[in-house]
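Asker: Below is a structure I'd like to ask you about.
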Amino acid sequence: MLYEYPLQTGKEGFIDITDKVRDAVKQSGVFDGMATVYCPHTTAGVTINENSDPDVVSDLLLALDRTYPDREEFRHSEGNSAAHLKASVIGSSVNVMIDDGKLVLGRWQGIYFTEFDGPRQRRFSVKIIGQPRPERK
Amino acid sequence: MLYEYPLQTGKEGFIDITDKVRDAVKQSGVFDGMATVYCPHTTAGVTINENSDPDVVSDLLLALDRTYPDREEFRHSEGNSAAHLKASVIGSSVNVMIDDGKLVLGRWQGIYFTEFDGPRQRRFSVKIIGQPRPERK
Amino acid sequence: MLYEYPLQTGKEGFIDITDKVRDAVKQSGVFDGMATVYCPHTTAGVTINENSDPDVVSDLLLALDRTYPDREEFRHSEGNSAAHLKASVIGSSVNVMIDDGKLVLGRWQGIYFTEFDGPRQRRFSVKIIGQPRPERK
């Protein structure tokens, strides 16, 4: 089962998509399995991090900019090589387990779509693999 | 099949959990499939790297500290934003294949739980998906 | 279903392996599922990034070298700790969905084997999980 969600992003940002992934799990009816969240873009990614204090993700964005700056030597004509690098460092997908029909996230974990070269119209997919609830006898 | 393991960590470190993942595979009885190792924390992660010379993982810790330092501009009040960043860079899960009832790791590969903000009482999960050994005819 | 591919690498580089992964999906006959591409080495990885302008991946290599330099403090006697770090930052596997018998990649996405300590004789695996095409009634 494959679910797709559109997303309008700003210039840069961590967008919390946990509720949408939960929604996909619910729609799928899978009781025991795995959800894979996938980003089909090359200047954006998907990651799991703190869902509580919004300062965490703004600190992450700032530190990513400092760690992976634009460089004079870059040759890619679109000028967004730093965004491509951040995408590969953060990664294009995450796996989250499904148990008892629910996403198994840690207490402070949220799932984020990470935009590094917006604003753009983006999308992400959720693939659910697993078994439905066993029938009662 | 979902297996959980507790872990007491030190301040920072790569903790080899390969044997525990092997144990989960064995318990599951899965012959052909995939093991996903998942970290439910936001200042720790899971990665695969060299299992032989312990200098490798101590070099990795040192270089991660240099690459992702604490920064004056960070606003997160807990003061552990660098650890959150390392968690997203290293990642919250790894996949390892199962073939012939065994984990398919490269000769020099071990699976590590990576603590970036300890000491803490942590845990990790192993999800096993796949088929049991085909019956003999 | 598990497929293995050999690879001769150069000193460093992003090697496009998308066609080989497509080939594995085709051979598997899986119609709806997931492909996991796995690197069994500890100084190489697998990532997804732009498949069009080759300047992107050369910019990535350059920026990875600058971000994760060799360091005097490194103790690992083989002298390739920076390559081990890049391997853990980029990651040892990627997941790509399979729908309608085809790999579901974004328009600009290609799958790359990333060599950080070559030249070497390398290999990678593709594990395919999923269901065959439903039979017509």
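The values are calculated or read from the model by the stated rules, or taken from the named source; none is laboratory data. What you see is a predicted model, and the numbers here were worked out from it, not measured in a lab. A quick note on method: Cβ atoms are made from the backbone with ideal geometry, for glycine too, and the neighbour counts reach across all protein chains shown. Each accessible area value is taken on the protein alone, full model and side chains, heavy atoms only, with ligands, DNA and RNA left out. Shrake-Rupley method; radii C 1.70, N 1.55, O 1.52, S 1.80 Å.
Asker: Of all residues in the stretch C:26-37, how many are among the hydrophobic types (A, V, I, L, M, F, W, C) and more than 10 Å from chain B (Cβ to nearest Cβ)?
Answerer: So the answer is 3.
Asker: Have a look at B:117, B:23 and point out the one that is within 14 Å of chain A (Cβ to nearest Cβ), at pLDDT 95 or above and over 26 Å from residue C:124 (Cβ atoms).
Answerer: Values: B:23 fails: within 14 Å of chain A (Cβ to nearest Cβ).
None of the others qualify; the one that does is B:117.
Asker: Report, ordered by the first and then the second residue, all pairs with beta carbons closer than 7 Å, sequence separation of six or more or different chains, a first member in the stretch B:23-51 that is closer than 24 Å to residue B:101 by Cβ, and a second member that is among the acidic types (Asp, Glu).
Answerer: Every condition considered, the pairs that remain are B:31/B:100; B:32/B:99; B:51/B:16.
Asker: From (1) over 13 Å from the mean Cα position of the chain (by Cα); (2) over 30 Å from residue A:132 (Cβ atoms); (3) in a strand (DSSP E or B), pick out the condition that doesn't hold for residue B:32.
Answerer: (2)
Asker: Of the conditions (1) crowded, with 17+ Cβ neighbours inside 10 Å; (2) without any contact (Cβ under 8 Å) to a residue 40 or more places away in the chain; (3) of a type outside the set (S, T, N, Q), residue A:75 satisfies every one except a single condition; which number is it?
Answerer: Going through the list (1) crowded, with 17+ Cβ neighbours inside 10 Å; (2) without any contact (Cβ under 8 Å) to a residue 40 or more places away in the chain; (3) of a type outside the set (S, T, N, Q), residue A:75 breaks only (1).
Asker: Does residue B:58 satisfy being closer than 25 Å to residue C:79 by Cα, surrounded by fewer than 22 Cβ atoms within 10 Å (Cβ to Cβ) and modelled with pLDDT of 95 or more?
Answerer: Values: closer than 25 Å to residue C:79 by Cα: yes; surrounded by fewer than 22 Cβ atoms within 10 Å (Cβ to Cβ): yes; modelled with pLDDT of 95 or more: yes.
For residue B:58, the condition - closer than 25 Å to residue C:79 by Cα, surrounded by fewer than 22 Cβ atoms within 10 Å (Cβ to Cβ) and modelled with pLDDT of 95 or more - is met.
Asker: Here is a check on your reading of the model: is residue B:30 under 27 Å from residue C:95 (Cβ atoms), buried (at least 24 other Cβ atoms within 10 Å of the Cβ) and at pLDDT 95 or above? Can you show your working first?
Answerer: Working: under 27 Å from residue C:95 (Cβ atoms): yes; buried (at least 24 other Cβ atoms within 10 Å of the Cβ): no; at pLDDT 95 or above: yes.
No; evaluated as a whole, the condition is false for this residue.
Asker: Hey, among B:40, B:134, which residue is out of contact with any helix residue (DSSP H, G or I) (no Cβ under 7 Å at 6 or more places or on another chain) and more than 10 Å from chain A (Cβ to nearest Cβ)? Reasoning before the result, please.
Answerer: Numbers: B:40 fails: more than 10 Å from chain A (Cβ to nearest Cβ).
That would be B:134, the only listed residue that is out of contact with any helix residue (DSSP H, G or I) (no Cβ under 7 Å at 6 or more places or on another chain) and more than 10 Å from chain A (Cβ to nearest Cβ).
Asker: Being closer than 24 Å to residue B:20 by Cβ, among the polar types (S, T, N, Q), at the interface with another protein chain (Cβ under 8 Å from one of its Cβ atoms) and not in a strand (DSSP E or B) is true for just one of B:77, B:88. Which residue is that? Before the answer, list the steps.
Answerer: Values: B:77 fails: closer than 24 Å to residue B:20 by Cβ.
None of the other options fit; the residue is B:88.
Asker: Got a number for residues in the stretch A:91-114 being aromatic (Phe, Trp, Tyr) and facing chain B (nearest Cβ under 8 Å)? Spell out the reasoning first.
Answerer: Of the residues in the stretch A:91-114, the ones aromatic (Phe, Trp, Tyr) are A:108, A:112-113.
Checking the rest, the ones that are also facing chain B (nearest Cβ under 8 Å) come to A:108.
Result for the stretch A:91-114: 1.
Asker: Of everything in the stretch C:93-127, what is in contact with a Gly (Cβ under 6 Å, 6 or more places away or on another chain) and either exposed (fewer than 15 other Cβ atoms within 10 Å of the Cβ) or assigned to a strand (DSSP E or B) (or both)? Give them in sequence order. Can you show your working first?
Answerer: Pass one, the stretch C:93-127, residues in contact with a Gly (Cβ under 6 Å, 6 or more places away or on another chain): C:98, C:114-115, C:118-119.
Once the filter is applied, which keeps residues that are in contact with a Gly (Cβ under 6 Å, 6 or more places away or on another chain) and either exposed (fewer than 15 other Cβ atoms within 10 Å of the Cβ) or assigned to a strand (DSSP E or B) (or both), the stretch C:93-127 yields C:98, C:114, C:115, C:119.
Asker: Let me ask something else about it. Restricting to the stretch A:43-74, what's the tally of residues that are within 14 Å of chain C (Cβ to nearest Cβ) and assigned to a loop (DSSP other than H, G, I, E, B)?
Answerer: Summing the residues that are within 14 Å of chain C (Cβ to nearest Cβ) and assigned to a loop (DSSP other than H, G, I, E, B) in the stretch A:43-74 gives 8.
Asker: OK, next. Exactly one of (1) closer than 29 Å to residue B:5 by Cα; (2) open to solvent by 50 Å² or more (accessible area, probe 1.4 Å); (3) within 15 Å of the chain's Cα centre (by Cα); (4) away from every other protein chain (no Cβ under 11 Å) is unmet by residue A:17. Its number?
Answerer: (2)
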